[in-house]
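Heads up: the structure comes next, in structure tokens.
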Amino acid sequence: MSWAVLVRSAIVAALCRRARRDRSKVPVVPNDLPLPSSTMLSRLVLISANALKGSGPLGAGVVQASRSLHSSSQSLAPVPSLPEKGGKVRHGIIPEELFQLLYPKTGVTGPYMLGTGLLIYMLSKEIYVINHETFAAASIGAVIIYGIRKFGPSVAAFADKLNEDKVAKAQEVKDLAMSSLTQATEDEKKEQWRVEGRSMLFDAKRNNVAMLLETNYRERLHTVTNEVKRRLDYQIALQNLQHRMAQEHMVNWVEKNVVSSITPQQEKESIAKCLTDLKALAKATHAKATA
Amino acid sequence: MALNFFDQFMSPVFLGLPLMALALTLPWILLPTPSSRWVNNRLLTLQGWFINRFTQQLLLPINTQGHKWALMFSSLMIFLLSLNMLGLLPYTFTPTTQLSLNMGLAVPLWLATVIVGMRNQPTHSLGHLLPEGTPTLLIPVLIVIETISLFIRPLALGVRLTANLTAGHLLIQLIATAAFVLLPLMPAVALMTTMLLLLLTLLEVAVAMIQAYVFVLLLSLYLQENV
């Protein structure tokens, strides 16, 4: 089987050398030979790539340029994302790929039969001898499995929480920045609205001031009127007083003169007249009373 | 392949080539490599968290000068922890059961703490040889005793780790042998012995972790005295 591979690789290498000399033809797998399986093709690629690397002046350059053996990306950015979960395993340690590999030939129970057979083979041929270490292995195995079963989920949750807290802290900073920026935008809009109402505010203020001035003016007018009236009232009162005083004085003078002008003769005559009058009056009343 | 009880403590040699270097360096492969990503997978997150918390706790009582030793302490802890825990698996060789290795770790580190103390603050370091409040008559005796205790420290550090691990491993072997031998003879007793073995295994897991921690803790204590 390997001879065929070597022969094929030699043919492909020769073709490549010829192609590079021509520079017109691409190396092609000859059609008459049967195509090998996928595993062998990779070996073929490896061998031919190795041949290509060594041969010719531009051998190395050609292979490097095509990156036929590289598996990672050529640029560092954007950073390639990591898989979110690890490889799937069955029973904790056996990768699922083994089961997929054996499934076509041996079905579902294949790997288990393999495991059991292997174990029994090793025990029966005494490749592995059961001794005291087996017991120690069993006990440490039991401790490990118990530990993982019991504390596995909680430890995983703890690790997830650590990561989530980290992300949440950064997210919080971002959210805070965003909310403060939106708040600033709204405040700015409000300020712009306020600016529109500025002229109304100034009108109102102007009206206020005018009213204040008007009120003040009226007050002062009122005060002036009151003051003038007071002064005039004073003058009137003064004149009344003078008038009254003159009148009183005149009356007093007239009385004084009249009283001083009455002579003693006049006084006697008047008294005698008064007496006769009184007598006549008494007679009259007496007559009226008896009548 | 008949095992005698002391094969597990022999330094591994293959075709004349000593494998001690492999035994010491291979546990490093099991630890995940820190990546440049901000959010990592669970294993790396847990490792980072553990190392952070451990170093923080350990360096808490030590002043700023001693923080230079942080890398040494954390790496020593991870080293001893991984060696001890891996040694519990069957058919494995535990390097920390070798007195040479443990003394090789203890003596230079202890000596480093002493020399750091003697160089930077000799009075303060020498002052540790006499505890406070001792009666005057006892001073000479006490100084001699404290000096002896100072020089016993590296010995104690190394031998403690060696003895604990060797004794543990040996006990596991013995009790496993007892269970193995009793199984065809008296299965019930073998069952009880297996229970004992399980408990002992649990103890050994704890001892593995505790001994690594005690080693590093004591070194940090010695550093605290001298720095």
Helices (runs of 4 or more DSSP H) contained entirely in the range A:51-135, each with at least 3 residues that are under 56 Å from the mean Cα position of the chain (by Cα), away from every other protein chain (no Cβ under 14 Å) and modelled with pLDDT of 90 or more
A:96-106
For the range B:40-58, pairs from a residue that is within 11 Å of chain A (Cβ to nearest Cβ) to a residue that is polar (S, T, N, Q) and open to solvent by less than 90 Å² (accessible area, probe 1.4 Å), with Cβ under 6 Å and 6 or more apart or across chains, are B:Thr45/A:Asn163
Going by the structure shown, is A:Ile148 surrounded by 14 or more Cβ atoms within 10 Å (Cβ to Cβ), among the β-branched types (Val, Ile, Thr) and more than 8 Å from chain B (Cβ to nearest Cβ)?
no
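Residues checked against (1) within 20 Å of B:Leu221 (Cβ to Cβ); (2) open to solvent by 40 Å² or more (accessible area, probe 1.4 Å); (3) in contact with a helix residue (DSSP H, G or I) (Cβ under 9 Å, 6 or more places away or on another chain):
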{"position": "B:Leu101", "(1), (2), (3)": "no, no, yes"}
{"position": "B:Asn120", "(1), (2), (3)": "yes, yes, yes"}
{"position": "B:His128", "(1), (2), (3)": "yes, yes, yes"}
{"position": "B:Val181", "(1), (2), (3)": "no, yes, yes"}
In the range B:20-39, the residues that are over 17 Å from the mean Cα position of the chain (by Cα), open to solvent by less than 60 Å² (accessible area, probe 1.4 Å) and away from every other protein chain (no Cβ under 14 Å)
B:Met20
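Can you confirm whether the range B:88-97 contains a residue that is open to solvent by 60 Å² or more (accessible area, probe 1.4 Å) and part of a helix (DSSP H, G or I)?
Within the range B:88-97, not a single residue is open to solvent by 60 Å² or more (accessible area, probe 1.4 Å) and part of a helix (DSSP H, G or I).
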Do we have any residue at all in the range B:212-219 that's part of a helix (DSSP H, G or I), out of contact with any helix residue (DSSP H, G or I) (no Cβ under 6 Å at 6 or more places or on another chain), open to solvent by 70 Å² or more (accessible area, probe 1.4 Å) and not hydrophobic (A, V, I, L, M, F, W, C)?
yes
Does A:Arg206 fit the bill of being assigned to a helix (DSSP H, G or I), closer than 30 Å to B:Gln47 by Cβ and open to solvent by 100 Å² or more (accessible area, probe 1.4 Å)?
no
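Could you please let me know if B:Thr136 is open to solvent by 80 Å² or more (accessible area, probe 1.4 Å) and either of a type in the set (Val, Ile, Thr) or on the phi < 0 side of the Ramachandran plot (or both)?
Numbers: open to solvent by 80 Å² or more (accessible area, probe 1.4 Å): yes; either of a type in the set (Val, Ile, Thr) or on the phi < 0 side of the Ramachandran plot (or both): yes.
So B:Thr136 passes the test.
For the range B:88-123, enumerate the residues that are within 14 Å of chain A (Cβ to nearest Cβ) and of a type outside the set (A, V, I, L, M).
B:Pro90, B:Tyr91, B:Thr92, B:Phe93, B:Thr94
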Starting from the range A:73-97, take each residue that is over 16 Å from B:Leu44 (Cα atoms) and list its partners that are among the acidic types (Asp, Glu), counting only C-beta distances under 7 angstrom and pairs at least six apart or across chains.
A:Lys88/A:Glu96; A:Val89/A:Glu96; A:Arg90/A:Glu96
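With respect to B:Ser11, determine if the residue is under 29 Å from A:Leu82 (Cα atoms) and surrounded by 11 or more Cβ atoms within 10 Å (Cβ to Cβ).
no
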If only one of A:Asp165, A:Asp160, A:Asp175 is open to solvent by less than 80 Å² (accessible area, probe 1.4 Å), within 30 Å of B:Arg42 (Cβ to Cβ), away from chain B (no Cβ under 11 Å) and of a type outside the set (Gly, Ala, Ser), which one is it?
A:Asp175
Selected residue (criterion: nearest to B:Ser36 (Cα to Cα)) from residues of the range A:78-117 that are charged (D, E, K, R) and open to solvent by 80 Å² or more (accessible area, probe 1.4 Å)
A:Glu84
Can you find a residue that is loosely packed, with under 12 Cβ neighbours inside 10 Å and within 46 Å of the chain's Cα centre (by Cα) anywhere in the range A:214-223?
no
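Okay, residues lined up against (1) in contact with a strand residue (DSSP E or B) (Cβ under 9 Å, 6 or more places away or on another chain); (2) among the hydrophobic types (A, V, I, L, M, F, W, C); (3) farther than 21 Å from A:Arg90 by Cα:
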{"residue": "A:Gly141", "(1), (2), (3)": "no, no, no"}
{"residue": "A:Gly147", "(1), (2), (3)": "no, no, no"}
{"residue": "A:Asn163", "(1), (2), (3)": "no, no, yes"}
{"residue": "A:Val173", "(1), (2), (3)": "no, yes, yes"}
Is it the case that the range B:9-16 has a residue that's assigned to a helix (DSSP H, G or I) and either closer than 26 Å to A:Gly147 by Cα or among the aliphatic types (A, V, I, L, M) (or both)?
no
Six or more apart or on different chains, Cβ atoms under 7 Å: show the pairs whose first residue is in the range B:206-227 and within 13 Å of B:Ala112 (Cβ to Cβ) and whose second is of a type in the set (Lys, Arg).
B:Tyr222/B:Arg153
Evaluate the range B:152-169: report whether one residue or more is under 30 Å from B:Gly87 (Cα atoms) and within 14 Å of another protein chain (Cβ to nearest Cβ).
yes
Among (1) closer than 24 Å to B:Thr166 by Cβ; (2) open to solvent by less than 30 Å² (accessible area, probe 1.4 Å) - the single one B:Arg153 does not satisfy:
(2)
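The values are calculated or read from the model by the stated rules, or taken from the named source; none is laboratory data. Quick caveat: nothing in here was measured; it's all calculated off a predicted structure. Glycine gets a Cβ as well: all are built from the backbone with ideal geometry, and neighbour counts include every protein chain shown. For the accessible areas, the whole protein counts, side chains as well, though only heavy atoms, and no ligand, DNA or RNA atoms are used. Shrake-Rupley method; radii C 1.70, N 1.55, O 1.52, S 1.80 Å.
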